[in-house]
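Step one of this worksheet: look at the structure below.
Every number in this text was worked out from the coordinates using simple rules, so none of it is lab data. Not measured: the values here are computed from a predicted model. Cβ atoms come from the backbone with ideal geometry, glycine included; neighbour counts cover every protein chain shown.
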Amino acid sequence: MYNVFMPSQPQKTIDTFQNQNPDRDYVIHFECSEFTCLCPKTGQPDFATIRIEYVPDKLCVELKSLKLYLWSYRNEGTFHEAVTNKILDDLIKATSPRQMKVVGDFFVRGGIHTVVTAEYKKS
């Protein structure tokens with residue numbers, strides 16, 4: 001009998017789970033050094049490290065779904081500023097954190113190193 005491996009597919013859904021310590025402020029930090037998207041002008045790949053730091057409220061981000069979500073940008077044409085803000089918007093929508101910061105640290109392209117930081121604080 002064979003184990004059939006079903007490869008994961010990119011997805012736009014971000015899964016969550018209940019925060020086990022909702023009465024405490026604490027920081028969760030994720031780093032994805034293999035993020036890719038496409039330049040909307042040239043179609044060439046853009047590579048980045050995406051850093052996510054947040055203080056959860058009732059929900060936390062499930063890591064496998066985050067990986068598949070970030071993977072979904074691999075064949076999508078988008079500007080650095082837009083994708084960094086979109087990731088923040090989607091994570092806020094999924095988790096409603098107390099605060100969150102997403103940093104897109106893009107590799108040098110055309111001699112220019114771009115770092116985009118988008119932040120959110122619950123009112």
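The label-point distance for Val27 and Leu63, in a model that sets each label 7 Å from Cα toward Cβ, rounds to 1.9 nm.
Stretching the chain fully between Thr42 and Thr117 yields a gain of 24.6 nm (0.36 nm per residue, less the alpha carbon separation).
Across every pair of non-identical alpha carbons in segment 16-121, the mean reciprocal distance, once inverted, gives a Kirkwood radius of 14.2 Å. Cβ-to-Cβ counts within 10 Å put Glu31, Glu62 in ascending order as Glu31, Glu62, the fewest first.
Shown for Ile87, Ile112, Ile92: other C-beta atoms within 10 Å of each C-beta, ranked fewest to most, produce the order Ile112, Ile92, Ile87.
As a rough footprinting exposure proxy, the listed residues His29, His80 were ranked by other beta carbons within 10 Å of their own, and the order from fewest upward is His29, His80.
Peptides 40-49, 98-107, 63-72 ranked from most to least packed give 98-107, 63-72, 40-49, packing being the mean of other C-beta atoms within 10 angstrom over each peptide's residues. Under 25 Å Cα-Cα from Lys58, which lysines qualify once same-chain neighbours fewer than 8 residues away are excluded? Those lysines meeting the cut-off are Lys12, Lys67, Lys86, Lys93, Lys101, Lys121, Lys122.
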